[in-house]
Structure formats: structure tokens, C-alpha cells
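Provided herewith is a single structure, encoded as C-alpha cells, for subsequent inquiry.
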Amino acid sequence: MKAWGLLLSFIVVCFISFFCVGRIYDMHTGGEKTEVSRLVYYPPSLVKALVLEFPGVMADYLMLNTMVWHGEKILDKIEVKPAEWQATYLGVKLITELDPRFLDPYVLAETSLPWEAGMVEETNELLLKAASVLKDNYRPYFFLWFNHYYFLKDPETAGMYLEKAAIVPGAPQFYKTLAARMRLQSGNIMSGIIFLQEMLKETRDAKTKLFLQKRLDTLRIIAALEKHVGEYIKQFNQQPENLSDLVREGLMEEIPRDPYGGEFYIMENGRVYTTSNLVQLKSN
Amino acid sequence: MNTIWPIALITFKEGLRYRVLYGVVVFAVFFNVFAVLISGFFMRDILKITLDLCLSVVSAGGLLVPFFLAVNLLSGDIEQRTIYTILARPASRANYIIGKFIGLGLLAAMIVGVLTCFTLLAVWGSTQIYPEHFFTRLSVSSILMSSFIALLAILTLNSTVVLWCCVTTSSFLATLLTLATYVVGQTVEDLVHFVSAQLPGVDISPTVKKVIHVTLYIFPNLAAFDFKQQAAHGLAISFQEVSLVTVYGFAYVTAILIIAVLYFNKRDLP
Amino acid sequence: MIIINCNNITKSYTAALSGTKTQKALVEFDLRVERGEVFGIVGPNGAGKSTILKILMGFVRPDHGTAMIDGQKVGDLNVRRRIGYLPENPCLYRNLSVTDHLVFAARTAGMSKKQTRKRIDEILQTVNLAHAAKLPIRTFSKGMTQRAALAYALFLEPEILILDEPMSGLDPLGRHLVVEIIRQYKTSGTTIVFCSHILADVEHICTRIGIMNKGVMAAVTTPEELVGADQGEHVGVSRLESFFLNTLSAVSN
Ligand SMILES: Nc1ncnc2c1ncn2[C@@H]1O[C@H](COP(=O)(O)OP(=O)(O)OP(=O)(O)O)[C@@H](O)[C@H]1O
Ligand SMILES: [Mg+2]
């Protein structure tokens, strides 16, 4: 009799416990989380003191969380809000305070912040820190070159950074000639393509690869479009009014689709842009 | 006749009987395997991630000695009167303190040694799984050096534990004081940097500055013994820095042990 | 020749947290023991018996007065080398075996390995623990622990034995064993100071008996004096017991 009572109460408390755990889990997953960890809002020096002799592990942990967080957003095609980009930037800043020689966070920042959140200045600041500690790594200067060339449209400074990147041991040979070539080529788009090709070369993660590939594809389409616009101008001595002019004159079969869901359009200066601005538009 | 070595040995032997030591080994194996696997999620710094985790396990495992074994083997010794067993032999109280310290040092050296071997094994396993070019920065000598200095840090902390166990009558209080020493030791250098930097808008009173500066000299500067990041990134650790830290450690330990002996000599052991 | 000489010792313990002095454990206490004597101390609980023995070992320092053993201050290493001490509650390491303890003692004395092994076998035979030589102390019964601690005290053939309640926790057989051991050491000329609550044993083996009460030595007697003593109102008890009770009632009046 006693044993039965005991068993019964055991089962009851087990149910109560499971029920509570489920509720707590729901409560925690229901709310929108705008950041990877609340830690990113604390001053980095405070966090550094709090983690005692384990800043390296803390940096790894935060980095992993950041990657998972953004990975899920990419996978679910959810738009990242400006506040969330700000949190990401703070996160990278914190991680690189904890371990300034950790390369991954810089790369994450470079491949996302300037492109999707327009945080070029902030990214450059991070990269300068990287360049000062990662003396034997060419990437920080390469990234700085790209940001100045592509986003800030400042070829002078960009060239300086590319020269710095070129003299770092282990830097790709073509950097030396790239600076000169950059001036002859149509510019902007080409630098983006080179940048993305370099990034793709050293990415193993399939998700990130897809993400970069999509961007590269779009840039290649834009480059092709601009090339055809150039041909049109040569032929007709005037700029096409619409991209559909290219198809009408038989320069192209059709106008390719923007992988990001936007529409390509042409500016007065002959440059081609897209309404998506290389950020995934909500699919309807 | 010298009694230090027998005391060290019996302390070591007793420490070996604590099951928690074997728990640490299991924990370390688990964690190192985890480190090797998790590092694959990262793009470039695979070696760094592995070493970050493994070397942290080395430090954390070593901390078991000051936080748990030392308090048990010293405060417990006094609380439970097992110290009579040792002092009934012709062992002076100074010999007792030094012998205990050496015994604890042997335990710490054993833990750090075993966990460092695990770290090297983890790195080796990692080289078998991931492409070779991730390991160009691997520097075994830096890893060994980092572990050696981590051991020095633990010895330094041990000396303060010995002092706390001598001046307090309860192991609980000794544990608390040890924890405080550890936290202060890890952060005080950063604090001094902070108060020394003339930050705009931050006004720190001169007395506070003085107190923090004095703290830096009184408490063990444990942050100075942290070379994990250098080892993880495969940077060479400068000989000058290592020797300076080593000399500092030895001097600090000696000073603290002298205070402990002086106090302990005066103390009743009812 | 006097080997143990305590003069005018006063001791009060300090409370751990408040730092206030408790009631005095010893008050102007004197003790003189001749070489080769067996001196038994008896007295009610809290009389200060253990305290004086700890002072002789140098574990506790007197507030006033001096304690000397063989002309040297107590606690001196050269003196302590010659003493075997049995604490009140056996204070052995719970996780180590009795052999581990004896090996430690042998190491402090610089004994050779062969000699150590021989002596360990011998002493464990004496205290009847040969079967439990390798077991950790925590698996021992109270009596076994007591005998292990006794083995540790006797291991290095000390000239002076300080035993704090050596018979406590032992069965009649064990008690008999301890009494025999003390007798044996007595005949070999060892000076023995011990305290006990088992008055019959004390009466049998001591050459002198001190009765302590509230930190003072109330009376000192010898077994010979007890034979002729008046038993007073206490009938049906041993002679020492009646002397003990008489002394205490005389003191409290
Ligand atoms: N560690 C201590 N702290 C404070 N007071 C103590 C301590 N040890 C003993 N005392 C006090 O000293 C007095 C004498 O104690 P002691 O242990 O010497 O008595 P004892 O004669 O050995 O008694 P028992 O027969 O119970 O063993 C007692 O009043 C006791 O309360
Ligand atoms: Mg007692």
C-alpha cells in the first residue's frame, strides 16, 4: 500500500517537473532575441576582468554563438534589423578585445557589416586593430583596401592598403599588380568580385559558401550588364535608357534575375545597380 | 634530520586518495574531445580554438589543488588534528609548512603534467582530422612553456592558501579567502591599467589609486602567469618574460611562506 | 633524576571568533616526573589532563610558567624525537593505511627500507593489526584505530611515552593488551606519563598517581600509600577510586 502511494506521488511530481521545464523552455524561446549575448553591451574591459584567465575561451564561445545566430537568420531568410547589426558589431568588438588575434570575427564583420548594414567606418576601425596585432597576416590590409575602394570610393587610401597587404609574407602574388590594374578596369565591381573570390577560396562552411556565392553571382551579373552597357554606348553613342534596350538591340538574350529578388536598373553614369542592394528582399 | 620530504610525500599520497582527481581526468578527456570537435565549426583558427579550450582545462584542473585539495589537506589537517601525527615526529612547524607546500606542488605538477599530455594528444588528434595548413603555427614549445607557467601560477596561489589555512581556523573561511585572492590576482593588473590611464570623464580619487597600486604588490599578480593566448596563437614566448615571471613567482612564494611560518610558529594547536 | 619538569603553568584557551579567554584549563600547575617512572593522571572531565599533555608535546603554549623535558624546552626537536605520543582522539589520516603512517615515521627517522619493513611487521604483530596493515584507517573500528595510533606512538622505541587515554574505546582484551605493553615498556626503563579514566588499570601499572581537578594537581599518591589508606564512606570500590572520590570532595568543600 505504502509502496503504491510512493510510486503514485513519484509519477505526479515527475509530470509536474516535465510540465514546468516545458513551460520554462517555451518562455525562453518565445521572445525575440536581438543579440547573441547580453554581454556585448557591457564595456569590454569589464568583461575581460570578469572572465579572469579565460578570455580565449570566452571569445570562442561568443564567436560560436554569433555564427550560429547569423547562420539561423541566413537559413530562415530572416532580415537582420539595424539594432541587431549594431549588436553584432559590438559582439565582434568584444570578441576581438578578448582575443585580438582571433581572425574569424574580423572576417565575419568584413563579410557582413559593410555590405548589409553600411557599417564601413566601424568595420575599418576593427580591421585597423587587426592589422596592428596580426602583423604576419595580409587579410586585414586586404579588407581595408577593399572597403576603401568599393564602399568608400577612395582609391588613393585603398591603394596604400593594398601595397601594405602585398608586402606581408604569404600574400597572393597578384596583389602587387592589382593596384595598377584596378585603375584601368571598370573598377568597383571588379574589386568586389576579386574580394569574394578570395573569401570563397578559404571558406569551408557550406552555408557561408552559398551566401558568398550568391553575392558573387550577383556582382558577376552586374559586371556583365555594365560590359554590355559599354558596348551599347560604343555602338549607339548614347547610353541606353533602360536595361531592356540591351535586349531589344540584341546585345543580350534577356536581363538576368537578381538572386536577391531586386531589379537591376541603370544610372546616368552608366553604372548598373539593383533595387535589392545585395540584401535579401522578403520573398512574397 | 630532514622531515620536509617525508611530509611532502605523505601529503602527496593522501592527496592521491581524493576521487575528485580522477573526476578531473575524465572531465579533461571529455573536454579535450569536445574541443577538437567544436573547433571544426570555425573557419580559420582551428588550432587556436583547440588550444584555447585545452589549455584552459590545464589551468582549471590545476586550480583544483588550491581550491579543494590544499584547503582539505591543510585546514582539514588542523581541524581534524591529524597534524598531531606529523608534529609528534621531530618535525618543526616550518618543516610542516614547507613539506605541505611541496606535497601540494607535487599534486599540482602531476595534474598539470597529465593535462598537458592530454592537450598534446588533442592537438595531434586534430591534425589527423583537419587539413594540414591549419597547423602551420603550431608550437609545441610554447604549449609546454605555457603549461609550466600555469603551474607556477598555481604554486603561487598555493602559497597564499597555505597562509590562509595557517591564519584561519576554518576551512570554509580559507576557501573564501583563496577565492578572493584568485579573483583579485587575476584582475588587479587590469585595474591598475584602468586607474593609471587618464580616461576623460573618469575621476578616481588618489587614495583609491594608491590602494589599488598597493594591492598589485601585495596580492599575487596571477594575470602575469597567463600565456595561454600566446601558446594558442603559436607565438614564441620571450625568454626574458618567462624568467622574470619565474623569479617573481619564487620570490613571492618564499615571502608568503615566511609569513605563514612566522604566524604558525606562534599558533596554538589545541 | 627529574626528566619532566613543569613549573607554575597557567593556561587558558582563546575562543576562535571572539578572542575572549575561556575559563582557565590549568592554574599554577606543577608536575615533576622522574626518569623511568610511570605517572598516571586521573581526574574528572575537563580537569585539564589533555591540556598538560599537549603542553608537554609543544602543541599548546602555556600563558605562564615553564615546561622542560630533560633540561630542554618542550617542543624542541631533539626532545620530541625521543617522545612517543598518543593523542586523545586518534588523529590518523583516514584515507591512508597504518603502514603508510609507519613508513612516514620511519622516513623522518632515516630508517633503512629493510629495517622499516621488519619493524612494521613487529609492531603490527604487537598491537594485533597485522591483518589490516594495508587497509585505510577509515575502514577501522574505534578499537582498531586506537591500536593503530598506539603502534604509531611506539614505532620508534621512544624513551618517553605520553599517552592520552590509551585504553579508551578498547574491549577487555585490547585493554589488557595495552596494560601489558605499558608494563613491558616500564620494565625496559621508559618514562611514561598517561591519563585515563580506568582507575583499576592506573592503580595496577603506575608508580605514582596524580589526581587533577579544575586545572590543579589536587593530590599525588603512590599505590603503596593507597594500601594503608582509609577508605572512608566509600565501600565496595577500589582503593584508588575511594581515594579519588575523597580527594575531590575534600577539594570542593
Ligand atoms: N580547543 C579548546 N578550546 C577551548 N577550550 C578548550 C579547548 N580544549 C580544552 N578546552 C577547555 O580546557 C579545559 C580542560 O580541557 P582538557 O581537554 O584538558 O580536559 P581533560 O581533563 O582532558 O578532560 P577529558 O577527561 O574529558 O578528556 C576544559 O574546560 C575545556 O573546556
Ligand atoms: Mg582529555
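The values are calculated or read from the model by the stated rules, or taken from the named source; none is laboratory data. What you are looking at is a predicted structure, and each value in this text was computed from that prediction instead of being measured. With ideal geometry, Cβ positions are generated from the backbone for all residues, glycine too; neighbour counts draw on all protein chains shown.
Do we find that residue C:146 is within 16 Å of ligand 2 (Cβ to nearest atom) and within 21 Å of residue B:10 (Cα to Cα) in this structure?
Working: within 16 Å of ligand 2 (Cβ to nearest atom): yes; within 21 Å of residue B:10 (Cα to Cα): yes.
Yes; evaluated as a whole, the condition is true for this residue.
Looking at the stretch C:42-52 only, could you name the residues that are in contact with a Leu (Cβ under 8 Å, 6 or more places away or on another chain) and near ligand 1 (Cβ under 8 Å from one of its atoms)?
From the stretch C:42-52, those in contact with a Leu (Cβ under 8 Å, 6 or more places away or on another chain) are C:42, C:44, C:48, C:51-52; that's our starting set.
Of everything in the stretch C:42-52, those that are in contact with a Leu (Cβ under 8 Å, 6 or more places away or on another chain) and near ligand 1 (Cβ under 8 Å from one of its atoms) turn out to be C:44, C:48, C:51, C:52.
I'm trying to understand the selection: among the residues of the stretch A:44-63, which are over 20 Å from residue B:227 (Cβ atoms) and within 10 Å of chain B (Cβ to nearest Cβ)?
Within the stretch A:44-63, A:45, A:46, A:50, A:61, A:63 qualify.
I'd like to verify a number: residues in the stretch C:37-69 that are of a type in the set (S, T, N, Q) and within 25 Å of residue C:186 (Cα to Cα), how many? Full working, then the answer.
Narrowing the stretch C:37-69 to residues of a type in the set (S, T, N, Q): C:45, C:50-51, C:66.
In the following step, the residues that additionally are within 25 Å of residue C:186 (Cα to Cα) were identified as C:50-51.
Residues in the stretch C:37-69 being of a type in the set (S, T, N, Q) and within 25 Å of residue C:186 (Cα to Cα): 2 in total.
If only one of C:166, C:158 is within 16 Å of ligand 1 (Cβ to nearest atom) and not aliphatic (A, V, I, L, M), which one is it? Steps first, answer last, please.
Numbers: C:158 fails: within 16 Å of ligand 1 (Cβ to nearest atom).
Of C:166, C:158, the one residue that is within 16 Å of ligand 1 (Cβ to nearest atom) and not aliphatic (A, V, I, L, M) is C:166.
Report yes if some residue within the stretch B:186-201 is assigned to a helix (DSSP H, G or I) and within 30 Å of residue B:81 (Cβ to Cβ); otherwise report no. Step through it out loud before you land on a result.
Our first condition is that a residue be assigned to a helix (DSSP H, G or I); within the stretch B:186-201, this holds for B:186-196.
Then drop every residue that is not within 30 Å of residue B:81 (Cβ to Cβ), which leaves none.
No - not one qualifying residue is present in the stretch B:186-201.
Right, something else. From the list C:65, C:40, C:46, which one is surrounded by fewer than 21 Cβ atoms within 10 Å (Cβ to Cβ) and either at pLDDT below 90 or within 26 Å of residue C:184 (Cα to Cα) (or both)? Walk me through it before giving the result.
Working: C:65 fails: either at pLDDT below 90 or within 26 Å of residue C:184 (Cα to Cα) (or both); C:40 fails: surrounded by fewer than 21 Cβ atoms within 10 Å (Cβ to Cβ).
Being surrounded by fewer than 21 Cβ atoms within 10 Å (Cβ to Cβ) and either at pLDDT below 90 or within 26 Å of residue C:184 (Cα to Cα) (or both) holds for just one of C:65, C:40, C:46, which is C:46.
Just to be sure I understand, how many residues within the stretch B:211-244 are in a helix (DSSP H, G or I), within 14 Å of chain A (Cβ to nearest Cβ) and under 13 Å from residue B:156 (Cα atoms)?
So the answer is 4.
Does residue C:107 satisfy being more than 12 Å from chain B (Cβ to nearest Cβ), more than 20 Å from residue C:174 (Cα to Cα) and in contact with a Phe, Trp or Tyr (Cβ under 9 Å, 6 or more places away or on another chain)? I'd like the intermediate steps shown before the answer.
Numbers: more than 12 Å from chain B (Cβ to nearest Cβ): no; more than 20 Å from residue C:174 (Cα to Cα): yes; in contact with a Phe, Trp or Tyr (Cβ under 9 Å, 6 or more places away or on another chain): yes.
No: the conditions fail for residue C:107.
Looking at residue B:94 and the list (1) more than 16 Å from residue B:229 (Cα to Cα); (2) within 13 Å of chain A (Cβ to nearest Cβ); (3) touching a residue at least 12 places away in the same chain (Cβ under 8 Å), which single condition is not satisfied?
It is condition (2) that residue B:94 fails.
Considering only the stretch C:112-149, how many residues are over 16 Å from residue B:88 (Cβ atoms), buried (at least 18 other Cβ atoms within 10 Å of the Cβ) and within 13 Å of chain B (Cβ to nearest Cβ)?
Going through the stretch C:112-149 one residue at a time, the tally reaches 1.
Scanning for something within 12 Å of another protein chain (Cβ to nearest Cβ), over 29 Å from residue B:138 (Cα atoms) and free of Cβ contacts under 8 Å to residues at least 12 places away in the same chain, does the stretch B:15-22 turn up at least one residue?
Yes, the stretch B:15-22 has at least one match.
Restricting to the stretch C:1-25, and then to whatever is modelled with pLDDT of 90 or more and either touching a helix residue (DSSP H, G or I) at 6+ places or on another chain (Cβ under 7 Å) or surrounded by 21 or more Cβ atoms within 10 Å (Cβ to Cβ) (or both), can you tell me which residue is nearest to the other protein chains (Cβ to nearest Cβ)?
C:11
Residues that are outside any loop (DSSP other than H, G, I, E, B), without any contact (Cβ under 8 Å) to a residue 24 or more places away in the chain and within 13 Å of chain A (Cβ to nearest Cβ): does the stretch B:166-176 have at least one?
Taking the stretch B:166-176 and keeping what is outside any loop (DSSP other than H, G, I, E, B), we get B:166-167, B:171-176.
Now drop any that are not without any contact (Cβ under 8 Å) to a residue 24 or more places away in the chain, which leaves B:172-173, B:176.
So of that shortlist, the ones also within 13 Å of chain A (Cβ to nearest Cβ) come out as none.
No, every residue in the stretch B:166-176 fails to be outside any loop (DSSP other than H, G, I, E, B), without any contact (Cβ under 8 Å) to a residue 24 or more places away in the chain and within 13 Å of chain A (Cβ to nearest Cβ).
Just a yes or no: is a residue in the stretch A:182-202 under 30 Å from residue A:228 (Cα atoms) and basic (Lys, Arg)? Spell out the reasoning first.
Of all residues in the stretch A:182-202, those under 30 Å from residue A:228 (Cα atoms) come to A:182-201.
Now drop any that are not basic (Lys, Arg), which leaves A:183, A:201.
Yes - at least one qualifying residue is present in the stretch A:182-202.
Here is a follow-up. Across the stretch B:234-260, which residue is nearest to ligand 2 (Cβ to nearest atom) among those that are closer than 30 Å to residue B:85 by Cβ and in contact with a Phe, Trp or Tyr (Cβ under 9 Å, 6 or more places away or on another chain)?
That would be B:260.
Does residue B:81 satisfy the condition of being charged (D, E, K, R), at pLDDT below 95, touching a helix residue (DSSP H, G or I) at 6+ places or on another chain (Cβ under 7 Å) and not in a helix (DSSP H, G or I)? Break it down stepwise before answering.
On the way: charged (D, E, K, R): yes; at pLDDT below 95: yes; touching a helix residue (DSSP H, G or I) at 6+ places or on another chain (Cβ under 7 Å): no; not in a helix (DSSP H, G or I): yes.
Criteria not met by residue B:81.
Given the structure, is residue C:29 more than 12 Å from chain B (Cβ to nearest Cβ), of a type in the set (Phe, Trp, Tyr) and in contact with a helix residue (DSSP H, G or I) (Cβ under 8 Å, 6 or more places away or on another chain)?
Values: more than 12 Å from chain B (Cβ to nearest Cβ): yes; of a type in the set (Phe, Trp, Tyr): yes; in contact with a helix residue (DSSP H, G or I) (Cβ under 8 Å, 6 or more places away or on another chain): yes.
Against the criterion (more than 12 Å from chain B (Cβ to nearest Cβ), of a type in the set (Phe, Trp, Tyr) and in contact with a helix residue (DSSP H, G or I) (Cβ under 8 Å, 6 or more places away or on another chain)), residue C:29 qualifies.
I've got another one for you. Mind checking which residues of the stretch B:188-205 are under 25 Å from the mean Cα position of the chain (by Cα) and either more than 10 Å from chain A (Cβ to nearest Cβ) or among the basic types (Lys, Arg) (or both)?
B:192
Moving on. Of the residues A:163, A:156, A:122, which is more than 24 Å from residue B:136 (Cα to Cα) and modelled with pLDDT of 90 or more? Please lay out each step first, then the result.
On the way: A:163 fails: modelled with pLDDT of 90 or more; A:156 fails: modelled with pLDDT of 90 or more.
Testing whether each residue is more than 24 Å from residue B:136 (Cα to Cα) and modelled with pLDDT of 90 or more leaves just A:122.
Of all residues being among the acidic types (Asp, Glu) and within 11 Å of chain B (Cβ to nearest Cβ) in the stretch C:59-104, which is farthest from residue C:143 (Cα to Cα)? Just the residue, please.
Of the stretch C:59-104, the ones among the acidic types (Asp, Glu) are C:63, C:70, C:76, C:88, C:100.
Among the residues that remain, those that are also within 11 Å of chain B (Cβ to nearest Cβ) are: C:63, C:76, C:88, C:100.
Values: C:63: 35, C:76: 31, C:88: 13, C:100: 19 Å.
Per the criteria, the residue is C:63.
Here is a follow-up. Tell me whether the stretch C:128-143 contains one or more residues that are part of a loop (DSSP other than H, G, I, E, B) and either under 25 Å from residue C:44 (Cα atoms) or within 16 Å of ligand 1 (Cβ to nearest atom) (or both).
Within the stretch C:128-143, the subset part of a loop (DSSP other than H, G, I, E, B) is C:128-129, C:133-135, C:140-141.
Filter again for either under 25 Å from residue C:44 (Cα atoms) or within 16 Å of ligand 1 (Cβ to nearest atom) (or both), leaving none.
The answer is no, given that none of the residues of the stretch C:128-143 is part of a loop (DSSP other than H, G, I, E, B) and either under 25 Å from residue C:44 (Cα atoms) or within 16 Å of ligand 1 (Cβ to nearest atom) (or both).
Filter the stretch C:204-219 for residues that are among the polar types (S, T, N, Q) and away from ligand 1 (no atom under 12 Å from the Cβ) and give the result. Let's see the steps before the verdict.
So the first thing to find is which residues in the stretch C:204-219 are among the polar types (S, T, N, Q), and the list is C:207, C:213.
The one that is among the polar types (S, T, N, Q) and away from ligand 1 (no atom under 12 Å from the Cβ): C:207.
Looking only at residues in the stretch C:171-203 that are within 16 Å of ligand 1 (Cβ to nearest atom) and assigned to a loop (DSSP other than H, G, I, E, B), which one is surrounded by the most Cβ atoms within 10 Å (Cβ to Cβ)?
Applying the first criterion (within 16 Å of ligand 1 (Cβ to nearest atom)) to the stretch C:171-203 yields C:193-199, C:201-202.
From what's left, assigned to a loop (DSSP other than H, G, I, E, B): C:196-198.
Working: C:196: 21, C:197: 14, C:198: 18.
Within the stretch C:171-203, the match that is surrounded by the most Cβ atoms within 10 Å (Cβ to Cβ) is C:196.
Follow-up. Tell me whether the stretch B:257-268 contains one or more residues that are β-branched (Val, Ile, Thr), on the phi < 0 side of the Ramachandran plot and facing another protein chain (nearest Cβ under 10 Å).
Narrowing the stretch B:257-268 to residues β-branched (Val, Ile, Thr): B:258-259, B:261.
Now restrict to residues that are on the phi < 0 side of the Ramachandran plot: B:258-259, B:261.
Restricting the remaining residues to those that are facing another protein chain (nearest Cβ under 10 Å) gives none.
No: zero hits.
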